[in-house]
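The values are calculated or read from the model by the stated rules, or taken from the named source; none is laboratory data. Please read these numbers as outputs of a predicted model, since none were measured by experiment. Because the Cβ atoms are built from the backbone with ideal geometry, glycine has one as well, and the counts that use them run over all protein chains shown.
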Amino acid sequence: MANILIVDDSRTSRRVLKDMLERHGHSVVQEATNGQEGFDDYTKLKPDLVTMDITMPVMDGIEGLKLIRKFDPHAKVVMITAAGQNEKVKEAVENGAVEFITKPLDEDTVISAIDKVMQS
């Protein structure tokens, strides 16, 4: 299965996502709390996939996505978004996001999105 980097400023969201992913055989290689940490961890660990929250302090998910895609144009980044962030979703797609998951996190939706991205 996939080695995954979770980037989210919410400890609860990270834990819930990690539990879901590990139940389905994925390995969470690292957790980061903002886009800058996510980028730094990506360059060191080169995970198969990144889940990236959009709204975070220090550096948001869009800026983190841009840095990761500049470093690795083939990076697979799945954005996690709260409902009603359509402009941010559009901006993320324009910057290379491959999939979206909306909070609150639904396990079937999360795993389906991850599986779809890993098969592409």
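General observations
- Among residues of the stretch 4-17, those that are crowded, with 18+ Cβ neighbours inside 10 Å and without any contact (Cβ under 8 Å) to a residue 60 or more places away in the chain, counted: 5
- Among the residues of the stretch 65-87, none qualifies, meaning not one is of a type in the set (S, T, N, Q), modelled with pLDDT of 90 or more and either farther than 15 Å from A2 by Cβ or out of contact with any helix residue (DSSP H, G or I) (no Cβ under 8 Å at 6 or more places or on another chain) (or both).
- Figure legend. Inter-residue proximity from the stretch 94-120: first residues closer than 18 Å to S27 by Cβ, second residues among the basic types (K, R) and in a helix (DSSP H, G or I), beta-carbon distance below 9 Å, spacing 6+ or different chains. Indicated pairs: E107/R23; I111/R23.
- Yes/no for L5 being part of a helix (DSSP H, G or I), closer than 21 Å to N95 by Cβ and in contact with a helix residue (DSSP H, G or I) (Cβ under 7 Å, 6 or more places away or on another chain): no
Residue-by-condition table, conditions (1) in contact (Cβ under 8 Å) with a residue 12 or more places away in the chain; (2) more than 20 Å from A113 (Cα to Cα); (3) crowded, with 18+ Cβ neighbours inside 10 Å; (4) of a type in the set (V, I, T):
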{"position": "A2", "(1), (2), (3), (4)": "yes, no, yes, no"}
{"position": "E37", "(1), (2), (3), (4)": "yes, yes, yes, no"}
{"position": "K44", "(1), (2), (3), (4)": "no, yes, no, no"}
{"position": "I62", "(1), (2), (3), (4)": "yes, no, yes, yes"}
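- Evaluating V58 against the criteria (1) surrounded by fewer than 17 Cβ atoms within 10 Å (Cβ to Cβ); (2) under 21 Å from M118 (Cβ atoms) leaves one unmet condition, (2).
- Scan the stretch 57-96 for residues that are among the hydrophobic types (A, V, I, L, M, F, W, C) and under 12 Å from the mean Cα position of the chain (by Cα) and the total you get is 9.
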